[in-house]
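Asks: Mind looking over this structure? Questions follow.
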Amino acid sequence: MSDKKAVCNQCDSSLDEAYNLPEAERKPCPRCGSLSRALQISVSDMVELRDQVRLRHKVPGRSRPQAEIVSGDDLHRKSGIWMRLSRVIDRGKNWYEEKIVNPSTGKVEHHQSHPLDEHVGHGSAKFKK
C-alpha cells in the first residue's frame, strides 16, 4: 500500500492539495508562503512468518526413522488456508497421531489417533487405481 501527499518544499508542512497540482493552480503555503512542493510517498506492506519444526529419531542400522514429529504451520492445499499441524509417527510404539487445527477459528479440522499398522492407504501406501 502506498500513500502520496504534497508537502511544502521549504518548511515541510503537510498541504491539503493534490500532490500533482500544477504550479499555476497552487496556493501559497499557509505557514511560509512558498509555492515549491515536494512529493512525500509512504509505502507499507505486511509480512507473515510461518514456522514448522521436524524431528527424526534415527537408529543405526535401520533405514527408516524410529520416530518422526512434525509441528507447526502447514498449507492446506485444497483450501489454500494455513493450518496448525501436529503429527507423531512412532514406529517403536506402533503409534500414529495427527491433528490439524484452523488457527483463525480454533476448530479441529482433522484428528487421527491409532496404531501405526492400521494407518494404511496414505502417502506412498495409497491404493493404486
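Each reported figure results from applying straightforward, stated rules to the coordinates on display, with no laboratory input. All figures in this text were calculated on a predicted structure; none of them were measured in a lab. Cβ atoms come from the backbone with ideal geometry, glycine included; neighbour counts cover every protein chain shown.
Asks: Just to be sure I understand the filter: pairs with C-beta atoms under 6 Å, separated by 6 or more residues or on different chains, first member in the stretch 3-21 and within 9 Å of ARG37 (Cα to Cα) and touching a residue at least 24 places away in the same chain (Cβ under 8 Å), second member assigned to a loop (DSSP other than H, G, I, E, B) and of a type outside the set (Ser, Thr, Tyr). Which pairs pass?
Replies: Correct list of pairs: ALA6/LEU15; ALA6/GLU17; CYS8/CYS29; GLN10/CYS32.
Asks: Quick one: in the stretch 38-88, which of the residues that are of a type in the set (Gly, Ala, Ser) and exposed (fewer than 12 other Cβ atoms within 10 Å of the Cβ) is farthest from the chain's Cα centre (by Cα)?
Replies: Here the answer is GLY61.
Asks: When both residues are 6+ apart or on different chains and their Cβ atoms are under 8 Å apart, which pairs have a first residue that lies in the stretch 44-58 and is closer than 11 Å to ASP74 by Cβ, and a second that is loosely packed, with under 10 Cβ neighbours inside 10 Å?
Replies: From the stretch 44-58, no pairs qualify.
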